[in-house]
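Student: Okay, handing you the structure first.
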Amino acid sequence: MNPMTPRLLLLIPPGWNYIWQPHLSLPSLAAYLRSQGCQVWQHDLNLAFFESLTNPTTLTPLHGRMIAAFRSLDEKNALNSEQQRRYTDLAWCAQQSVETLAGNLRQAMAGLRDPAHYYHLATCARYSALLNQVWEIVWATFSDQPEDRVDTLLAFLSDEANNPFLPFVQDRLLDLLASSPHVAVISVYYPRQLLAALTLGDQLKKAAHRLHIILEGRAPTALASLWHSHPELFRYFDSVVIGQSDRPVSALARCEVEGGSPSQVPGLIYRERGEVRTNAEEAPEAMEILPPPDFDGLPLGRYLAPHPVLPLQAAQGCYWGQCRFCAYNAERHFSAYRPHSAQWLVTAMEQLATRYNAVHFTFADEAVSPDLLEEVAREIVRRGLKVWWQAQTRPEAGLTPERCRLLAQSGCVNLQFCFETASDALAQRMRMGLSRTERKAALVSCARAGILTHVFVVLGLPGERSAEADETAAFVLENQAVIHGLSVEPYMLGNYASLAQHLDLSDVRLSLPRPDDLAPHRTNWKVAGDMSQTEVEERCQTLRRVVQRRFPAFAASYFPALLYATHYHSRDLTDLVRHSQEHSFHDKRQGDGQHPRRRSEVVSGVFRFDLAALKYHSHGSATPLQHPAICLLDGPSGPVLRVPARIAQGLMLADGTRTQATIDQTLAARV
């Protein structure tokens, strides 16, 4: 090992449920650094933490907090709307042992990696929902928003009883430091990852005093002013890169090896002699000289899909860049539109397909322009490349029938649309540049060309009126034939001053965030209009219930559509659902016919509140039942059914070791 060769450790910390494919931040940075002659080791600690939850030892303290939180709610005399949501979220986890919960997580992860389970739609949807829901519950139990304030965040970092990242990181320090790195880069995309990122920095500092630790990514950039107002945070890292990090990280690594000064590194925030300094930024590298992402070192076989699906970025920034509600456009470090050429993108696909035996790709952009999509499609067809891909774009007039047929010919399976609203009036106020007619035409063109569509609806945009929200719901229901997947979320106003200034709407009332505010979204803003935040959430829940009834099981998760369409050689939604229902596998959990076995996700419990009602309808205030109810719960997000005690007891006895006659005899003896 050449001592003058920079050695870098790239880490993505836990904090979100993105475990279906690698996040692009590490592979992109690793590729650039390796092209500059650096040695690089990259670790997806987000995936590793999720996997650690299948170990009862790791899960036990978190499970204990779930049970305590649920019991506290169950003992109350009334539940407000937020408490009702927490009650229903926690109910399933709190009714089972930690060993059973860990086993359910382990089984779900193994199932999503196994084609036999993954391509059975009901099973895939159940496993995906289970993991998503449990992750949110786990997060809520150990993080009562400690990241919202610096003081509470720092207190939580050293709380051995409650910070689950402490033992997780400590168990991995020897492995992480085995390469004796000069620099560790912690990539933070969401503010939610800050708790794990600072825990990681703290432990690395204690174990390797001379290691230079860098924070990079969208969240550290958005919080740039925070690092100046809280210099005490530099205990946990040495510097922060603002904006694109490839050049600065490479320059800093050279400084560490050659004895240079951080003052020479562009776009760097660091502390020197007790003072926090910020270096001037430089223009980022030209897009065409950047190498394709490098996934070497990442466990591609451990992501939760049966085949690798690799991300690519078609451009930096948004080609439209005018939507007044969008936090992405407000972040000047990332908003400038800089696309790759179609030749660069298709060459990257070719190289990655050969190197990693991968034929499935996703473009990870917020929105790829239809013009660039067409250029990519033409280049794929010209080269005869056999790949399957999906992208996110805007439902605009540029998606003509001819263009959509070309996209489908090139292997485009699925397009996800930044749809937000079907109201022309609201779209005009938000400067979206889209009409209702354009949106429908784009969806029809895609469907007729054989491209599956997924629509992202956002309710509660600044100033949205109830009639405008009704327009959106009506549009979705009227156009089910050309909408194959749907996600519905309430609008969240990002808690960064740059966004507030960018929004600048006359009917929006904002208060500036506190100087130590780390919350990713604002809760203290008001908009002139007739919809409260409570009504927005209730409308979202109502539309989601419609989705569950009228759309297929993967409607709320667009990722499986790519793999399902290629696996079943069909882009017709009815065919996909039929094929996946016909797909069968032997599930040992159902028993051998003589010894019935319930699925381990099905649990029973006794509840003081009407869990079955709260699951589907929010109330201003819920009071306890006159008599506690026995309910069966089919997974954390599945149906809830009130049942007599005898049925619940009989189902719990169906563990695969007893015959039905034995179960009946046991129940009769209890009577």
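The values are calculated or read from the model by the stated rules, or taken from the named source; none is laboratory data. Just so it is clear, the model here is predicted, and its values are computed rather than measured. Cβ coordinates were reconstructed from backbone atoms using ideal geometry, including for glycine residues, and neighbour counts include every protein chain displayed. Note: accessible area is taken over every heavy atom of the protein model, side chains too, but ligands, DNA and RNA are not part of it. Shrake-Rupley method; radii C 1.70, N 1.55, O 1.52, S 1.80 Å.
Student: When the Kirkwood radius is taken over all Cα pairs of the chain, what Stokes-Einstein diffusion coefficient follows at 4 °C and 1.567 mPa s, in µm²/s?
Tutor: 48 µm²/s
Student: Additional query: Would you mind working out the magnitude of the charge dipole of the chain relative to its Cα centre, with +1 at each Lys and Arg C-beta and -1 at each Asp and Glu C-beta, to the nearest 20 Debye? Working shown, then result.
Tutor: Working: 64 positive and 69 negative charges, 248 e Å.
I would put it at about 1200 debye.
Student: What ranking of Val249, Val276 comes out by heavy-atom accessible area, probe 1.4 Å, highest first?
Tutor: Numbers: Val249 0, Val276 25 Å².
Most to least solvent-accessible, the answer reads Val276, Val249.
Student: Using a 1.4 Å probe and counting only protein heavy atoms, arrange Lys76, Lys386, Lys440 so the residue with the most accessible area comes first. Show your work: numbers first, answer last.
Tutor: Numbers: Lys76 70, Lys386 170, Lys440 95 Å².
Putting Lys76, Lys386, Lys440 in descending order of accessible area: Lys386, Lys440, Lys76.
Student: Roughly how many Å² is the accessible area per residue of the chain, as a whole number, for a 1.4 Å probe?
Tutor: I get 41 Å² per residue for this part.
Student: Next question. Cα centroid distance between segment 153-216 and segment 451-491, in Å?
Tutor: 40 Å
Student: Using a 10 angstrom Cβ neighbour count of at most 16 plus a DSSP loop assignment to flag exposed GluC sites (Glu not before Pro), which longest range of the chain is free of such sites?
Tutor: Value returned for the longest uninterrupted segment is 286-671.
Student: Suppose the Debye formula is applied to equal point scatterers at every Cα of segment 291-401; what is log10 I(q)/I(0) at q = 0.10, 0.13, 0.19 Å⁻¹?
Tutor: Values, matching the q order: -0.33, -0.55, -1.05.
Student: Nearest 5 is fine: what % of DSSP beta bridges in the chain come out antiparallel, could you say?
Tutor: The antiparallel fraction comes to roughly 40 percent.
Student: A further question on this structure: Lone cysteines in the chain, going by a 4.7 Å Cβ-Cβ cut-off?
Tutor: Cys38, Cys93, Cys124, Cys255, Cys318, Cys404, Cys412, Cys418, Cys446, Cys540, Cys631
Student: Shifting gears a bit: Could you compute how much accessible surface His567 exposes when probed at 1.4 Å, giving the result in Å² to the nearest 10?
Tutor: In the full protein context, His567 sits at about 70 Å².
Student: Which one of Leu154, Gln626, Asn55 has its Cα pushed farthest toward the positive end of the charge dipole of the chain, where Lys and Arg give +1 and Asp and Glu give -1 at the Cβ?
Tutor: Going by the charge dipole, the pick is Gln626.
Student: Let me ask something else about it. Considering only protein heavy atoms and a 1.4 Å probe, what is the carbon-and-sulfur percentage of the accessible area of the chain?
Tutor: 50 percent
Student: A follow-up question, please. Need the C-alpha centroid separation for segment 624-671 versus segment 274-331, integer Å.
Tutor: Going from one Cα centre to the other spans 50 Å.
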